[in-house]
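Here the structure is laid out as structure tokens; the discussion comes afterwards.
The values are calculated or read from the model by the stated rules, or taken from the named source; none is laboratory data. Since the model is a prediction, treat every value here as computed from it, not as a measurement. Note that each Cβ is placed from the backbone with ideal geometry, even for glycine, and that neighbours are counted across all protein chains shown.
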Amino acid sequence: MSRILPLLHPCKPMKNSGDMNKKGLLIVLSGPSGAGKGTICSAYLKRNPEAELSISVTTRKPRVGEKEGVNYYFTDIESFEKMIKENKFLEYAKVYGNYYGTPREYVEEKLAAGFDVLLEIDIQGALQVKEKFPEGVFIFIIPPSMEELKRRIVKRGTENAEAIFTRFQSAYRELNYICQYNYVVVNDRVEEAVRKIEAIVLAEKCRVVRNKGLYLGLEGGVNE
Ligand code: 5GP
């Protein structure tokens, strides 16, 4: 015997969900310094050509080996503050005494063109992005342990003793913000962490609210 399901109100759409299935996914990665966000991002981008990394603007001085337009767009405080006034940033924040910001136009254009966009930004920035793009996916990367985190920051050798201490102290504070994110990924092995992020992205793309176009086409029923 067939069961007649009662008619429901249509699914409540997410904010901005109108043509979400055509737009790319905004993927925000945060986590303490030394958690391995950069390594994960590079590995993810290599395997997923439909994703683009947003290169941030910063007033921090380049580290040895860092390149303009590859790691960051390096600038001075005056130019950065001018960009703030001109509304050039999707978000910006002061992290460890330097400005960092995400170029708004680049992100909006890439998403509209159907690319997924990866932002590797701090918590203050992620919270700003969440206000503007609640439909984004917010992922927090953590190290397997705090000892391992310290070992990684020291091994990296890019910071002096004071900066290492500051970054390690901030890591404890930052952990309190995990609940603001949708997912948490432990970066024990990079390969595995990347596979988890791929699984998250795949699942997010299958969410009903992102696929109105697919199921609305089926609602007409079958012609007999
Ligand atoms: P680093 O100086 O080690 O490259 O980055 C320091 C912190 O700044 C990291 O937590 C990194 O995720 C964050 N960061 C990098 N770019 C941006 C950005 O555009 N906006 C914000 N809010 N944080 C950023």
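Considering only segment 77-99, state which residues are among the acidic types (D, E) and more than 27 Å from Q169 (Cα to Cα).
Step one: filter segment 77-99 for residues among the acidic types (D, E), giving 78, 81, 86, 91.
Hits for segment 77-99 are E78, E81, E86.
Filtering segment 39-63 to residues that are farther than 23 Å from I142 by Cβ and either touching a residue at least 24 places away in the same chain (Cβ under 8 Å) or under 15 Å from the mean Cα position of the chain (by Cα) (or both) leaves E50, E52, I55, V57, T58, T59, R60, R63. Of all residues assigned to segment 150-167, at least one qualifies as being away from the ligand (no atom under 14 Å from the Cβ) and surrounded by 15 or more Cβ atoms within 10 Å (Cβ to Cβ). Set side by side, the residues Y177, Y215, Y172 differ, and just one is at pLDDT below 95, surrounded by fewer than 17 Cβ atoms within 10 Å (Cβ to Cβ) and under 16 Å from the mean Cα position of the chain (by Cα), which is Y177. When residues in segment 146-202 are screened for being assigned to a loop (DSSP other than H, G, I, E, B) and touching a helix residue (DSSP H, G or I) at 6+ places or on another chain (Cβ under 6 Å), 2 of them pass.
Checked against (1) away from the ligand (no atom under 14 Å from the Cβ); (2) under 20 Å from I197 (Cα atoms), N176 meets all criteria but (2).
Figure legend. Inter-residue proximity from segment 120-137: first residues under 14 Å from S54 (Cα atoms), second residues among the acidic types (D, E) and within 14 Å of the ligand (Cβ to nearest atom), beta-carbon distance below 6 Å, spacing 6+ or different chains. Indicated pairs: G125/E91; V129/E91.
Scanning segment 76-106 for residues that are aliphatic (A, V, I, L, M) and more than 10 Å from the ligand (Cβ to nearest atom) gives I77, M83, I84. A single member of G31, G36 is at positive phi and more than 9 Å from the ligand (Cβ to nearest atom), and it is G36. Candidates in segment 107-117 are the residues that are touching a residue at least 40 places away in the same chain (Cβ under 8 Å) and over 26 Å from S170 (Cβ atoms); of these, the one that is farthest from the ligand (Cβ to nearest atom) is G114. Of all residues in segment 127-145, those satisfying the criterion of being part of a helix (DSSP H, G or I) and of a type outside the set (S, T, N, Q) are L127, V129, K130, E131, K132.
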